[in-house]
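*Asks:* What follows is a structure written as structure tokens; I'll ask about it next.
The values are calculated or read from the model by the stated rules, or taken from the named source; none is laboratory data. Small disclaimer: the values here were computed from a predicted structure and weren't measured. Note that each Cβ is placed from the backbone with ideal geometry, even for glycine, and that neighbours are counted across all protein chains shown.
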């Protein structure tokens, strides 16, 4: 999905997302959108009894002003919003747009949250959307007719700063998607050797990757790992990744996981009726 950041203006057409705090009227860019639609937005809010509660939204179709639809998302009490809440809201918005089969949309980001700056609001919202829009279709012979949400434009103040803040979050999302891809691969494709090969490709991003073969593991006395691996016709691998990106003198942080590409989960010792 392509993500763009632009100044605090309104799009000329398409789908637009605006925000309303609980118990508050249309303000900021939402009020400007209502003005362009000659009050249609305000009338829809009143007719639907929309109060801006958290996790609620109102879909106004063909509101006028050249727009196809306007989605009004409730923020709840703005003072209670944390960065994670804004990121999750971005995911909820992306999911809603996908369910409506929208290909693109614009988000008017001017949330009344004093503790989180405007550029950060936009970057977090974009990150949530990026994480939400994921699908593993590599082995599907028939691709979906609707390719899904492919473009988001976030309108906010200091959009250049928002773009900079998003870079780090986007890198995290890229890593999350890689992990999801690895999990979704069938075990007859993602063997230990194939897993190690794919991880090795991360060296181009500055990750130091060391791959231990059975002989090296045997030399290190990794009998438990090798013992389990004897149950497979595929050779085991142990992958060590190092990222030297911490501050000088900072303590190292280690994540240790199984990295198992296929686990029978006791299938071999369970009777068929018990599975």
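*Asks:* State yes or no: is residue 160 assigned to a helix (DSSP H, G or I), at pLDDT 95 or above and assigned by TED's automatic domain parsing to the domain that holds residue 128?
*Replies:* yes
*Asks:* Okay, moving on. State whether the residues of region 34-50 include one that is without any contact (Cβ under 8 Å) to a residue 12 or more places away in the chain, in contact with a strand residue (DSSP E or B) (Cβ under 8 Å, 6 or more places away or on another chain) and either in the same structural domain as residue 85 (by TED's automatic domain parsing) or crowded, with 16+ Cβ neighbours inside 10 Å (or both). Break it down stepwise before answering.
*Replies:* Of region 34-50, the ones without any contact (Cβ under 8 Å) to a residue 12 or more places away in the chain are 34-35, 39, 43, 46-49.
With the extra rule that they be in contact with a strand residue (DSSP E or B) (Cβ under 8 Å, 6 or more places away or on another chain), the set shrinks to 48.
Then keep just the ones that are either in the same structural domain as residue 85 (by TED's automatic domain parsing) or crowded, with 16+ Cβ neighbours inside 10 Å (or both); that gives 48.
Yes: one or more hits.
*Asks:* From (1) modelled with pLDDT of 95 or more; (2) in contact with a helix residue (DSSP H, G or I) (Cβ under 9 Å, 6 or more places away or on another chain); (3) exposed (fewer than 10 other Cβ atoms within 10 Å of the Cβ), pick out the condition that doesn't hold for residue 239.
*Replies:* (3)
*Asks:* Considering each of 221, 259, 265, 249 in turn, give the residue that is on the phi > 0 side of the Ramachandran plot, touching a strand residue (DSSP E or B) at 6+ places or on another chain (Cβ under 7 Å) and not in a helix (DSSP H, G or I). Walk me through how you get there before you give the answer.
*Replies:* Details: 221 fails: touching a strand residue (DSSP E or B) at 6+ places or on another chain (Cβ under 7 Å); 265 fails: touching a strand residue (DSSP E or B) at 6+ places or on another chain (Cβ under 7 Å); 249 fails: touching a strand residue (DSSP E or B) at 6+ places or on another chain (Cβ under 7 Å).
Only one candidate passes the filter, namely 259.
*Asks:* Please determine whether any residue of region 127-139 is assigned to a loop (DSSP other than H, G, I, E, B) and under 21 Å from residue 80 (Cβ atoms).
*Replies:* Just the residues of region 127-139 that are assigned to a loop (DSSP other than H, G, I, E, B), to begin with: 133-139.
Cutting the leftovers down to under 21 Å from residue 80 (Cβ atoms) gives us none.
No, region 127-139 contains no residue that is assigned to a loop (DSSP other than H, G, I, E, B) and under 21 Å from residue 80 (Cβ atoms).
*Asks:* Please specify each residue of region 190-206 satisfying the condition of being part of a loop (DSSP other than H, G, I, E, B) and surrounded by 12 or more Cβ atoms within 10 Å (Cβ to Cβ).
*Replies:* 190, 191
*Asks:* If you go through region 164-175 one residue at a time, do you hit one that is surrounded by 14 or more Cβ atoms within 10 Å (Cβ to Cβ) and either modelled with pLDDT under 95 or touching a strand residue (DSSP E or B) at 6+ places or on another chain (Cβ under 6 Å) (or both)?
*Replies:* No, the conditions are met nowhere in region 164-175.
*Asks:* On the given criteria, is residue 93 touching a strand residue (DSSP E or B) at 6+ places or on another chain (Cβ under 7 Å), closer than 30 Å to residue 181 by Cβ and either in contact (Cβ under 8 Å) with a residue 24 or more places away in the chain or assigned to a helix (DSSP H, G or I) (or both)?
*Replies:* Here the answer is yes, as residue 93 does meet what is asked.
*Asks:* Quick one: residue 254 ticks every box in (1) within 26 Å of the chain's Cα centre (by Cα); (2) part of a helix (DSSP H, G or I) except a single one, so which number is it?
*Replies:* (2)
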